[in-house]
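Encoded as structure tokens, the structure appears first; notes follow it.
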Amino acid sequence: MTMKEILPNLPEENIDMLAATSVLQQQVSEIRTQRPAWQTYRHSSVIQEDEYNFIVKYDSADAAGRAAIINELRSQCTKTFLSLLEHVSKDQTIQYVLVLVDDMLQEDRSRIDIFREYAEKKKEPVCGLFLNLLNGSDGFIINMSSRIIAKIACWAPELVSRSDLNFYLTWLKDQLLLPNNDYMQSVARCLQMMLRIDDYRLAFISVDGLSTLLSVLSGRVNFQIQYQLVFCIWVLTFNPRLAERMNKFSVIPILADILSDSVKEKVTRIILAVFRNLIEKPEDASVAKEHCIAMVHVKVLKQLSILEQRKFDDEDIVEDVQFLKEKLESSVQDLSSFDEYATEVKSGRLEWSPVHRSAQFWRENAGRLNEKNYELLRILVHLLETSRDPLVLSVASYDIGEYVRHYPRGKHVIEQLGGKQLVMQHLSHEDPNVRYEALLAVQKLMVHNWEYLGKQLEKEQSTTTTKPAGAKA
């Protein structure tokens, strides 16, 4: 069932988070003071007489006057704005028109209908009226157009078409990855608006949006961008299915790192809110438990104890700290060694925790690495292929060796998953610890094979030396 679901109990001012210091907003204030010479466009026939009369009257009116003009001249309003955007070539004038359009929508969101009515007559999607402006070269024009598109997408009663939505969300995602993007706050704000709507959350995930958010958060960004992007993740977690999948993207380790370094209260608050949703929103209790264990593994419990000693004005922080602390402490009590191991592997942050070196653990649990279609083994193999961390590579090699040593068909499984070849590649790794663990793992793979061959030889030898019935001595 398609439903345009707006998040409950989230006031608009808590969602838009338009920082007065953003580059876009600073430019808006400046552009408002640079009214174009409309008569020059009329004299050069760039705009028609009715468009000129409208824009001059509208541009000189106050808020009440603009409302009266729009009510009286609805179709003329849209025709004039879009004609100016299409026919004027001067960037400064296009910038001014876009500010007028954005202000018009901000004053009364129902004015989206004016553009909807025009688009219906033209038989094109309403967002399509502005999407082509995203392909320009002027940063302000591009990002102001994006801001208008976000408002149309969120405030119109119908959803954006799938093709336009994927185009826009992909554009936003790509903007996040631009180096030194001065408009990062504006891009993030558009995402904050879009991801309030459930259908748009799912579409964002489908264009690999969550991985992009985490990639940016893993780098060096200021606290304002941290807050806005973590806000986007928080909004995503209101969908139970997405909340259940979150930690497959390593959301918990990345946010735990930011939490431990954060000195800004609003960043702390939004990360704690994400963690709470990751426990409360999943419908599968085992996933919620897995998230708790993942948080324990990346030292969130320790961080909560530190936060508990600080004084916060925000009651939500105090409440969330208490809630999380109780949940994580409870999960620790029920934690088995295999739960601990599985959580560590899924986090991708392998270290020499006691469970790896425990012979008893491997005797009792080697076979469990086959569960869920070899999920944990596949992760270990993936880490061998993609990780650049010598510690992770060393531990992954060791674990694969122990699995092979303790599971009878381990060698065959590892070969099928491509693990043997990857372990052997690390025999020439630059780090001596990686080379050592890879060598041990290869030896275990070979020893396992020798043991198998030895048993086969014993079996064949006993068969050939057994005397047939009635044979002579």
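The values are calculated or read from the model by the stated rules, or taken from the named source; none is laboratory data. Nothing here was measured: the structure is a model prediction, and the numbers come from that model. We place every Cβ from the backbone using ideal geometry, glycine too, and count neighbours over all the protein chains shown. When the accessible area is computed, the model is the full protein with side chains, heavy atoms only, and any ligands, DNA or RNA have been set aside. Shrake-Rupley method; radii C 1.70, N 1.55, O 1.52, S 1.80 Å.
Karplus-based coupling profile of region 149-166, in residue order and whole Hz: 4, 4, 5, 4, 5, 8, 9, 5, x, 10, 6, 5, 4, 4, 5, 5, 5, 5, with θ = phi - 60° in 6.51 cos²θ - 1.76 cosθ + 1.60 and x standing for Gly or Pro. By the gyration tensor of its Cα atoms, with a ≥ b ≥ c the square roots of the eigenvalues, what is the shape of region 45-139: rounded for a/c under 1.5, prolate for a/b over b/c, or oblate? Here region 45-139 falls in the rounded category.
Over region 200-248, all Cα pairs binned in 5 Å intervals from 0 give whole-percent P(r) values of 5, 20, 33, 24, 13, 5, 0, listed from short to long. Distance between the pseudo-spin-label points of R245 and A37 (7 Å out from Cα toward the beta carbon): 5.6 nm.
Under the definition of Cα pairs under 8 Å and six or more residues apart, what whole-number percent is the relative contact order of the chain?
Details: 486 pairs, mean separation 43.6, N = 473.
Once divided by the residue count of the chain, the mean separation gives 9 percent.
Cross-link partners for K264 among the aspartates and glutamates, with Cα-Cα distance under 14 Å and sequence neighbours closer than 8 places in the same chain left out: D313, D314.
Could you tell me which of rounded, prolate or oblate describes region 202-332, using a ≥ b ≥ c as the square roots of the eigenvalues of the alpha-carbon gyration tensor, with rounded for a/c under 1.5 and, failing that, prolate when a/b is larger than b/c and oblate otherwise? Mind showing how you got there, number by number?
Details: a/c = 1.70, a/b = 1.13, b/c = 1.50.
Judged from the Cα gyration tensor, region 202-332 comes out oblate (a/c at least 1.5, b/c at or above a/b).
Each other residue within a Cβ distance under 10 Å of S358 adds +1 if Lys or Arg and -1 if Asp or Glu, for a net charge of 0. Among R220, R363, R357, R147, the order of accessible area from largest down is R220, R363, R357, R147, computed with a 1.4 Å probe on protein heavy atoms.
Among the listed options (i) 1.33; (ii) 0.91; (iii) 1.04, the one matching Cα Rg over 2.2 N^0.38 Å as calculated from these coordinates is (i).
Within the full protein context, the accessible area of F223 is estimated at about 90 Å² for a probe radius of 1.4 Å. Eigenvalues of the alpha-carbon gyration tensor of region 123-267, scaled by 5 and square-rooted, set the equivalent ellipsoid semi-axes at 26, 18, 12 angstrom, largest first.
Where does the chain land at 222 nm, in deg cm²/dmol rounded to the nearest 500, when only DSSP H runs of n ≥ 4 count, each adding -39500 (n - 2.57), divided by all residues? Numbers along the way, then the final one.
Numbers: 29 runs with 339 residues, N = 473.
Per the formula, -22000 deg cm²/dmol.
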